[in-house]
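Structure first, then comments.
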Amino acid sequence: MTAITEFTPRPRYRFLLDRAELLGPLFIAPAILYVLVLVALPFFLAIYYSISAFTIFDPSYRFVGAKNFFDVIQSEVFQRTLINTFIFTIGAQIIGLLLGKFAAMLLMQDFPGRGLARALVVLPWAVPVSLATLAWQWMFDSLYSVINWTLIAIGLVNAEHPPQWLGQQDLAMIAVTVVHAWRLFPFGVVIFIAGFTSVPKDVLDAATVDGAGFWRRNYQIILPIIAPIVVIALIFGTVFTFTDLSVVYLLTKGGPINATQVLGSLAFQVGILSGDVAHGAVICLFLFPFLLIAVVFMLRALRRREI
Amino acid sequence: MASVSTIDIRKQFGEVTAVDGVSLEARDGEFMVLLGPSGCGKTTLLRIIAGLEKATSGEVRIGGHVVNDLPPRARGVAMVFQSYGLYPHLTVWNNIAFPLRTQGTSREQISRKVEWASRLLGIDHLAHRRPRQLSGGERQRVALARALVREPTVFLLDEPLSNLDAKLRASARSELKGFQRTVRTATIYVTHDQVEAMGMGDRIAVMDHGRVRQVGSPIEIYEYPADEFVASFLGTPPMNLIERDGGSLGFRPEHFLPKELLNGFEVQEFQFRVDRMEYLGSERILYGALDGRAAKREVTAKLPAHLALDGISAGAWHPFAVRERELRYFDREGRQTLNR
């Protein structure tokens, strides 16, 4: 028999990392720091700017009260921008998620090349937005538009006066919404595929035996079951779209004559490009109440799903 | 009310043959059990009868009509699934009402039938709950009520008791059997549990590798197994099979007794070496081997626990015997024969 080695206590500090009360704060600290420095600080700074007369030409913190807010609300450009933002957000959600659902239903079927099709569908996500928008810009181009070429070829539009997608106010709004919907589409597909695969097979079989046809199965069984996931996707997409300026900025720069301006792009133009930080901050803060409502809904939907 | 039959049903999944030429009939009002190990094709066969799966070849007949090309909803079948398949977003009431709604039944008739079915199964007080608020046994009853409410021509049950705990399973078994007696609808019940099969089935079809090995009443299946598979699938422990010129000899452990207990009967005698013993409360299982040719196979004996085991000890040889009438003979292919 071998002798049992004698137990010698090791120095205490060697076990410091075994202690949850030390390790916990250590690990959570970066996250808290991040939230404080990069989320909370800019937010309070924005509130502060919005009630001051801060511009990059006159960086003074002179207090002006609610004046900036009245200026912005009364501005016609802002009113138009607010309406645009809603059209842009809601339109892109409807188109993106609806097409996403249909595509997901198709991609759930078994067919040769399904893997490739699924990979292609996710592509708009993987392409940098600037590159993708450039491609769309060519498709909407006044002279070389492949969309117009197609429409002329099938005789839907007059070759003499083809639609100027980025030059006419209504069409430009449709164009930016469609491009953004195209960016949301893969997200919709992924969410719906995840939802469809989460529905238990027994439930679908039971519905089939119980006499439910395609429509009833889809809209009375599957959709209600995956509703919580879809709601989360919807709110997520809404927040993502509401705060986004990339498509608008890259495609139209908010034009023509502010016809496609959204809150993000207007704030960027006023606050950064024109240097009027105070008014830019006010425009940004208009996002806040809407986002707050969205986040409350999102958290509620999440909680309902947990039960 | 009607009978259900399958005629030479075959089902291929790619290279794999899941069901290999099954012809079966569940008569009107009969409780038919499909029994077999997992992967033997019994669930696939049930799904083919329901119309959820298309047979590669063969015919399904319900009430004498070929229903191969009818969708599930037109077959008049009701099915209860292993995990019940309740609609999680609907209340119990709406779950039960769902199959009626799809048929366009009138509102008052729906509420009358839902109430009738839920009262029959004792779940009328749960009407407004959702499936996740129910216990396993309650879920199973809701699934049954949903199957019952449309008054189907045939019930298809796919291991409906396997998600219940052992105690509940015993009571659910007798309830289910009683329920079937009341509604008198042809029922096909899939299980891998021989106790369920023996306890509930009017007839049992034992399946293995996509084929039916034997169809018969529980007594026939147990007493006269058609082949070695059936003999060794049923019974705990299963039938002893020992080699004998060109075939095998079988006898149930409970018929393998100390010789002195069988004085005065026509018996066949064996020398039995007891290796170990298990005491199970109501009975004692003895594991060991026989002398001679069959020494390699383990042989078991099942004795009532109250029997005094005078002189029987592990490691020693004892004279054991089986009554001649309890011996079964199997030929070279494993099929039961009458000639010895």
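The rows are residues; the columns are (1) surrounded by fewer than 16 Cβ atoms within 10 Å (Cβ to Cβ); (2) hydrophobic (A, V, I, L, M, F, W, C); (3) free of Cβ contacts under 8 Å to residues at least 40 places away in the same chain.
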| site | (1), (2), (3) |
| --- | --- |
| B:272 | no, yes, no |
| B:276 | yes, no, yes |
| B:279 | yes, no, yes |
| B:286 | no, yes, yes |
| B:292 | yes, no, yes |
| B:305 | yes, yes, yes |
| B:308 | yes, yes, yes |
| B:316 | yes, yes, no |
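Consider residue B:211 against the criteria (1) out of contact with any Lys or Arg (no Cβ under 7 Å at 6 or more places or on another chain); (2) under 29 Å from residue B:279 (Cα atoms): it satisfies all of them except one. Which criterion is unmet?
In the conditions (1) out of contact with any Lys or Arg (no Cβ under 7 Å at 6 or more places or on another chain); (2) under 29 Å from residue B:279 (Cα atoms), residue B:211 misses (2) alone.
Hey, can you tell me all the residues within segment A:219-265 that are within 26 Å of residue B:101 (Cα to Cα), without any contact (Cβ under 8 Å) to a residue 60 or more places away in the chain and not hydroxyl-bearing (Ser, Thr, Tyr)?
Hits for segment A:219-265 are A:220, A:221, A:222, A:223, A:224, A:225, A:226, A:227.
Run down A:55, A:5 and say which single residue is surrounded by 13 or more Cβ atoms within 10 Å (Cβ to Cβ), more than 30 Å from residue A:178 (Cβ to Cβ) and at pLDDT below 80.
A:55
Out of the residues in segment A:211-222 that are within 7 Å of chain B (Cβ to nearest Cβ) and either assigned to a helix (DSSP H, G or I) or at pLDDT 90 or above (or both), state the one that is nearest to residue B:153 (Cα to Cα).
My answer is A:216.
Take the residues in segment B:82-107 that are facing chain A (nearest Cβ under 7 Å) and of a type in the set (Gly, Ala, Ser), then tell me which one is nearest to residue B:145 (Cα to Cα).
Checked segment B:82-107; the qualifying residue nearest to residue B:145 (Cα to Cα) is B:85.
On the basis of being over 18 Å from the mean Cα position of the chain (by Cα) and more than 14 Å from every other protein chain (Cβ to nearest Cβ), does residue B:164 make the cut?
no
When you scan segment B:27-42, do you find a residue that is over 24 Å from the mean Cα position of the chain (by Cα) and surrounded by fewer than 17 Cβ atoms within 10 Å (Cβ to Cβ), even just one?
Scanning segment B:27-42 turns up no residue that is over 24 Å from the mean Cα position of the chain (by Cα) and surrounded by fewer than 17 Cβ atoms within 10 Å (Cβ to Cβ).
Name the single residue, out of those in segment B:58-81 being within 26 Å of the chain's Cα centre (by Cα), more than 7 Å from chain A (Cβ to nearest Cβ) and in a loop (DSSP other than H, G, I, E, B), that is surrounded by the most Cβ atoms within 10 Å (Cβ to Cβ).
So, considering only residues that are within 26 Å of the chain's Cα centre (by Cα), more than 7 Å from chain A (Cβ to nearest Cβ) and in a loop (DSSP other than H, G, I, E, B), the one surrounded by the most Cβ atoms within 10 Å (Cβ to Cβ) is B:75.
Assess whether residue A:185 counts as being under 14 Å from the mean Cα position of the chain (by Cα), modelled with pLDDT of 85 or more and farther than 20 Å from residue A:170 by Cα.
When the stated conditions are applied, residue A:185 passes them.
Considering A:111, A:88, which residue is aromatic (Phe, Trp, Tyr) and assigned to a helix (DSSP H, G or I)?
On inspection, the qualifying residue turns out to be A:88.
Name the residue, out of A:168, A:164, that is within 25 Å of residue A:244 (Cβ to Cβ) and touching a residue at least 60 places away in the same chain (Cβ under 8 Å).
Criteria check complete, one pass: A:168.
Determine, yes or no, whether residue B:91 is more than 22 Å from residue B:3 (Cα to Cα) and at pLDDT 90 or above.
Criteria met by residue B:91.
Across segment A:111-139, what is the total count of residues that are at pLDDT below 85 and farther than 15 Å from residue A:183 by Cβ?
The number of residues fulfilling the criteria is 1.
When residues of segment A:173-207 are filtered for being of a type in the set (A, V, I, L, M) and within 14 Å of chain B (Cβ to nearest Cβ), how many remain?
The number of residues fulfilling the criteria is 5.
Starting from segment A:266-282, take each residue that is assigned to a loop (DSSP other than H, G, I, E, B) and list its partners that are crowded, with 21+ Cβ neighbours inside 10 Å, counting only C-beta distances under 9 angstrom and pairs at least six apart or across chains.
Once the first residue is assigned to a loop (DSSP other than H, G, I, E, B) and sits in segment A:266-282, its partners that are crowded, with 21+ Cβ neighbours inside 10 Å give A:274/A:280; A:276/A:54; A:276/A:270.
Output the residues belonging to segment B:133-148 that are over 10 Å from residue B:121 (Cα atoms), free of Cβ contacts under 8 Å to residues at least 60 places away in the same chain and either more than 12 Å from every other protein chain (Cβ to nearest Cβ) or not polar (S, T, N, Q) (or both).
Matches in segment B:133-148: B:134, B:135, B:136, B:137, B:139.
Pick out the one residue from A:245, A:234 that is in contact with a Ser or Thr (Cβ under 6 Å, 6 or more places away or on another chain) and away from chain B (no Cβ under 13 Å).
Result: A:245 is the single residue among A:245, A:234 that is in contact with a Ser or Thr (Cβ under 6 Å, 6 or more places away or on another chain) and away from chain B (no Cβ under 13 Å).
The values are calculated or read from the model by the stated rules, or taken from the named source; none is laboratory data. Everything quoted here is computed from the prediction, not taken from an experiment. Virtual Cβ from ideal backbone geometry, glycine too; neighbours counted across all protein chains shown.
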